[in-house]
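These notes are about the structure you will find just below.
The values are calculated or read from the model by the stated rules, or taken from the named source; none is laboratory data. Because the structure is a prediction, the values reported are computed rather than measured. A quick note on method: Cβ atoms are made from the backbone with ideal geometry, for glycine too, and the neighbour counts reach across all protein chains shown.
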Amino acid sequence: MPQHAHTFTVSTQGKGLYEITDAVQRWAEGQGAGIGLLTLYCRHTSASLLISENAARAVRTDLEAFFERIAPEAPGRYTHDDEGPDDMPAHLRAALTATSLSIPLVDGRLVLGTWQGVYLFEHRRAPHRREVVAHLLAA
């Protein structure tokens, strides 16, 4: 079985959901595989991956607000604050989401639902350069 790998670099401007669907789809299509399984892996402990609605911006706004409520920045609340007050909340948010995703590839295209998009979820306030590793196992 042929295998392909690639590392995507995502530049973030702080907290939020950054859609990477088009870049991932273009790369997967370019591998010439008809059928396979794509694994995406986020190489960070304060960012994660998410498949979510990509048509209505309000969904992203609500997701971001939800995570602000369940893992708030609150000085004195957490023991771990080595990199500032957003450090431990970022780790909590990453632990509650996913560091890897598996997406089937059929007829050379990712099998995503009509309104599904792939996102890097940045949990830190400062801009970062994040890496997402793609591994495509093709039949």
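Identify, please: which residue in region 77-111 is within 18 Å of residue 16 (Cβ to Cβ) and assigned to a loop (DSSP other than H, G, I, E, B) and is, among those, nearest to the chain's Cα centre (by Cα)? Checked region 77-111; the qualifying residue nearest to the chain's Cα centre (by Cα) is 99.
In this structure, residue 47 does not satisfy being at pLDDT 95 or above and more than 14 Å from residue 122 (Cα to Cα). Name the residues in region 2-27 that are of a type in the set (A, V, I, L, M, F, W, C) and surrounded by 15 or more Cβ atoms within 10 Å (Cβ to Cβ), would you? Across region 2-27, the qualifying residues are 8, 10, 17, 20, 23, 24, 27.
Residues of region 57-68 that are in contact (Cβ under 8 Å) with a residue 12 or more places away in the chain and out of contact with any helix residue (DSSP H, G or I) (no Cβ under 9 Å at 6 or more places or on another chain): 60, 63, 64. Can you confirm whether region 50-65 contains a residue that is within 17 Å of residue 90 (Cα to Cα) and loosely packed, with under 11 Cβ neighbours inside 10 Å? Yes - at least one qualifying residue is present in region 50-65.
Entry remark, region 111-127: residues being surrounded by fewer than 18 Cβ atoms within 10 Å (Cβ to Cβ) and either over 17 Å from residue 91 (Cα atoms) or of a type outside the set (A, V, I, L, M, F, W, C) (or both) number 8 in total. Considering region 112-139, the residues that are of a type in the set (Gly, Ala, Ser), assigned to a loop (DSSP other than H, G, I, E, B) and farther than 12 Å from residue 21 by Cβ include one that is modelled with the highest pLDDT, namely 126.
Across region 28-48, a minimum of one residue is classified as surrounded by fewer than 18 Cβ atoms within 10 Å (Cβ to Cβ), farther than 24 Å from residue 137 by Cβ and in contact (Cβ under 8 Å) with a residue 40 or more places away in the chain.
May I ask you to verify whether residue 93 is surrounded by 19 or more Cβ atoms within 10 Å (Cβ to Cβ), in contact (Cβ under 8 Å) with a residue 40 or more places away in the chain, basic (Lys, Arg) and within 23 Å of residue 9 (Cα to Cα)? Yes, satisfied.
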